[in-house]
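Trainee: Questions regarding the structure given below will be posed in turn.
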Amino acid sequence: MAEPLKAVYDGLFLEQFACLVKMAWSPFDEARFVERVRDGSWTQLELKARTRKITEALGAALPPSYEEALAVLYQIDEQCTGLAYLFFPDFIEVFGMEPQHSALSIAALERFTERSTSEFAVRAFILSDPERMAKQMLAWADHPNEHVRRLASEGIRPRLPWAQALPLFKRDPSPIVPILEKLRRDPSLYVRKSVANNLNDIAKDHPELVIRLAAAWSGEDAKTDWIIRHGCRTLIKQANPQIMAWFGYAEHEAADEAALPLVAAAALELSQHSAAIGGEVTLRYRVQLREGEGAKLRIEYGIAFVKSGGKTSLKRFLLSDREYAGGASASGARVHRFADLSTRKHYSGLHRVTLWVNGREVAVSELLVTEADPA
């Protein structure tokens, strides 16, 4: 299993970074900086908490003047590339929010995102002055660097994972639309993925807006069509009728009353009826399409995960998404692991496991998830 990203902040990384700062600014106390970072509950901290700890230790060790401290970082940032250096833009969020630093801080976020990413730090500035930052991000959408153009979309996503939500843009995403309009034909896949993810965020609160944008953009070129498809994935999972019809998925019930239902038969079997947290189960499925014309099917399995309070939350996972001939049978197996993730913690209890075709449940089974064996 790959090490979590937070593990990059080991003693060697911190010592090498401290040495780099020392070369740029001789009064920097390398040993004290590393000590401040690693004191207290450091070993229990996750990635973003570790990032913030480094930021705070850096702020304590650099010149007290924000402008002077930033000048030190500017001497070394070209040598600090990758996600591990999230503490560069985080430094701007923590120490550069005062109004008198505004222009300097925005310029720093633009600069640092080219080598790491400012998508998390910029959100504090958006929440502080949304109108101004929406204009700034519209300007960034024309930037020659793809990382800055991506920031224009990624930083203003209403529901960016691991980041502060932007409730104002959940309520009214209209200021985001001009940014996405500018970027929808961007030559960079890196940028276009962000545009699609932004659309998908918006679809969770304003599906009608995304449907309108998809209709307006459809057919422009293959790149934009890919954005539309990826940006509508939540609407597809929700089996939004308009979107399902648009992408060619067959309806379960035909307009002709004499027509056969879409699914003639379906089955879902589990390799076992219980699994411990950290364990796995194999799901075997079979879907029989009705005779006659072929149809486009999206086949998924779903698990209603038990939450900490005893309620359940359904999550669906894709098995197949393609055209099938009339009367064809789709079958297969999938291993599902119940290992805890950064995005999902498992709890014991009875889990409902389901099979879905084009947004409708067609088969069901049950699995008892138990606590892991302490041995």
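Trainee: Mind listing the phi-derived Karplus ³J(HN,Hα) values for the range 113-129, rounded to whole Hz, using 6.51, -1.76 and 1.60 with θ = phi - 60°, and x for any glycine or proline?
Mentor: Here the 3J(HN,Hα) series is 5, 5, 10, 10, 7, 9, 4, 7, 5, 5, 5, 5, 6, 5, 5, 6, 8 Hz.
Trainee: For the peptides 87-93, 21-27, 103-109, what is the packing order when you average, over each peptide's residues, the other Cβ atoms within 10 Å and list the highest mean first?
Mentor: 87-93, 103-109, 21-27
Trainee: State, in angstrom, two size descriptors of the chain derived from its alpha carbons: Rg to one decimal place and Dmax to the nearest whole number.
Mentor: Rg and Dmax of the chain, Cα atoms, are 25.0, 84 Å.
Trainee: Give me the net charge of Leu183's neighbourhood, meaning all other residues with Cβ under 12 Å from the Cβ of Leu183; Lys, Arg count +1, Asp, Glu -1.
Mentor: For residues surrounding Leu183, the net value is +3.
Trainee: Where does helix 207-217 land angle-wise versus the long Cα axis of the chain, in degrees 0 to 90, nearest 10?
Mentor: 90 degrees
Trainee: Could you list, in their original order, any pairs among Lys135/Lys345; Lys48/Lys182; Lys193/Lys315; Lys296/Lys345; Lys223/Lys311 whose Cα atoms are separated by more than 29 Å?
Mentor: On the way: Lys135/Lys345 39 Å; Lys48/Lys182 31 Å; Lys193/Lys315 22 Å; Lys296/Lys345 34 Å; Lys223/Lys311 40 Å.
Where the Cα-Cα span goes over 29 Å, the pairs concerned are Lys135/Lys345; Lys48/Lys182; Lys296/Lys345; Lys223/Lys311.
Trainee: Here's a follow-up. Test of understanding: in a Gaussian network model of the chain with alpha carbons linked when under 10 Å, which of Leu12, Leu20, Leu58 would top the mean-square fluctuation ranking?
Mentor: Maximum fluctuation in the GNM of the chain, among the listed residues, is at Leu12.
Trainee: Using the alpha-carbon centroid of each, what span in Å lies between the range 309-348 and the range 33-100?
Mentor: Using only Cα atoms to place each centre, the spacing works out to 40 Å.
Trainee: Across the range 183-196, in residue order, what do the Karplus-derived ³J(HN,Hα) couplings come to in whole Hz, using 6.51 cos²θ - 1.76 cosθ + 1.60 with θ = phi - 60° and x for Gly and Pro?
Mentor: Calculated HN-Hα couplings, in order: 9, 5, 10, 4, x, 8, 4, 4, 6, 5, 4, 5, 4, 5 Hz.
Trainee: Taking R0 as 22 Å, what FRET efficiency do you get between Leu350 and Ser320 from their Cβ-Cβ distance, rounded to the nearest 0.05?
Mentor: 0.25
Trainee: Per residue of the range 309-325, what does 6.51 cos²θ - 1.76 cosθ + 1.60 with θ = phi - 60° give for ³J(HN,Hα)? Whole Hz please, x for Gly and Pro, Karplus curve as stated.
Mentor: Along the range 309-325, the couplings run x, x, 6, 10, 9, 7, 10, 10, 10, 6, 10, 7, 8, 6, 7, 10, 6 Hz.
Trainee: Within the chain, what percent of beta bridges assigned by DSSP are antiparallel, to the nearest 5?
Mentor: Given both bridge residues lie in the chain, the antiparallel proportion sits at roughly 90 percent.
Trainee: For the chain, what is the charge dipole size about the Cα centre, in debye to the nearest 20, if Lys and Arg each add +1 at the Cβ and Asp and Glu each add -1 at the Cβ?
Mentor: 600 debye
Trainee: Moving on. Can you give me the angle between helix 222-231 and the longest principal axis of the chain, using Cα atoms only, in degrees from 0 to 90, rounded to the nearest 10?
Mentor: Roughly 80 degrees between the two axes.
Trainee: If you wrap a convex hull around the C-alpha atoms of the range 36-115 and split its volume per residue, what is the figure in Å³?
Mentor: 89 Å³
Trainee: Quick one, what does Rg over Rh come out to for the range 243-375 if you take C-alpha atoms and the Kirkwood Rh?
Mentor: Taking Rg over the Kirkwood Rh, I get 1.05.
Trainee: Restricting to the range 296-373, compute how many DSSP beta bridges are antiparallel as a %, nearest 5.
Mentor: Taking every DSSP beta bridge with both residues in the range 296-373, the antiparallel ones total about 100 percent.
Trainee: Let's see if you can work this out: charge +1 on each Lys and Arg Cβ, -1 on each Asp and Glu Cβ, no other charges. What is the dipole magnitude of the range 263-370 about its Cα centre, in debye to the nearest 20?
Mentor: Working: 16 positive and 10 negative charges, 73 e Å.
Once rounded to the nearest 20, the dipole reads 360 debye.
Trainee: For Met97 and Asp10 in the same chain, what is the full-extension length gain: residue separation times 0.36 nm, less their Cα-Cα distance, in nm?
Mentor: Here the segment from Met97 to Asp10 would lengthen by 28.4 nm.
Trainee: Which value at 222 nm does the chain reach when only helices count, each DSSP H run of 4 or more adding -39,500 (n - 2.57), with the total divided by all residues and rounded to the nearest 500 deg cm²/dmol? Intermediate results must be reported in sequence, preceding the final value.
Mentor: On the way: 16 runs with 156 residues, N = 375.
For the chain, the value works out to -12000 deg cm²/dmol.
Trainee: Where does helix 47-61 land angle-wise versus the long Cα axis of the chain, in degrees 0 to 90, nearest 10?
Mentor: It is inclined by approximately 10 degrees.
Trainee: For the chain, with a Gaussian network of springs between Cα atoms less than 10 Å apart, report the residue from Val148, Val335, Val210 with the top mean-square fluctuation.
Mentor: Between Val148, Val335, Val210, it is Val335 that shows the largest mean-square fluctuation.
Taken together, the values in this text are just the output of simple stated rules run on the coordinates, not laboratory data. This is a predicted model, so every value here is computed, not measured. Here the Cβ is made from the backbone with ideal geometry for all residues, glycine too, and neighbour counts use every protein chain on show.
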